[in-house]
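This report concerns only the one structure given below.
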Amino acid sequence: MFQYLPIENKVFSPYIGWYRTFGLRILRVWDEMDEEIMILPDVSTDFAFTLRLARLFTQKQLDPLHLLDVIEDML
């Protein structure tokens, strides 16, 4: 089973300074073991949007292989 979790990052841009961004942490859950598959650090500056994505992708069991294509289509 794949579990998608929202994560928060602090990022610096020379144009706007420091800002918060939200990404996704993807885990493969086996019995009592969690294996980190990947981290996608900068999906959106909107936490609610990133949280909705994490819930939807976990619920639908999106294979991380397709994650970047799906994110690109949703933005």
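The values are calculated or read from the model by the stated rules, or taken from the named source; none is laboratory data. Quantities reported herein were computed from a predicted structural model and do not represent experimental measurements. Backbone-built Cβ (ideal geometry, glycine too); neighbour counts: all protein chains shown. Only protein heavy atoms, including side chains, enter the accessible area calculation; ligands, DNA and RNA are left aside. Shrake-Rupley method; radii C 1.70, N 1.55, O 1.52, S 1.80 Å.
Calculated mean residue ellipticity, 222 nm, the chain: -9000 deg cm²/dmol, from DSSP H runs (n ≥ 4) at -39500 (n - 2.57) each, averaged per residue and rounded to 500. The angle between the Cα long axis of helix 47-60 and the longest principal axis of the Cα atoms of the chain comes to about 20 degrees, rounded to the nearest 10. Counting heavy atoms of the protein chains alone, residue 7 has an accessible area of about 40 Å² for a 1.4 Å probe.
Across the accessible surface of the chain, with the other protein chains kept in place and a 1.4 Å probe, carbon and sulfur atoms take up 55 percent. Per residue, the chain exposes an accessible area of 72 Å² to a 1.4 Å probe, with every protein chain left in place. Seen from residue 35, the other residues with C-beta closer than 13 Å to its C-beta sum to a net charge of -2, counting Lys and Arg as +1 and Asp and Glu as -1.
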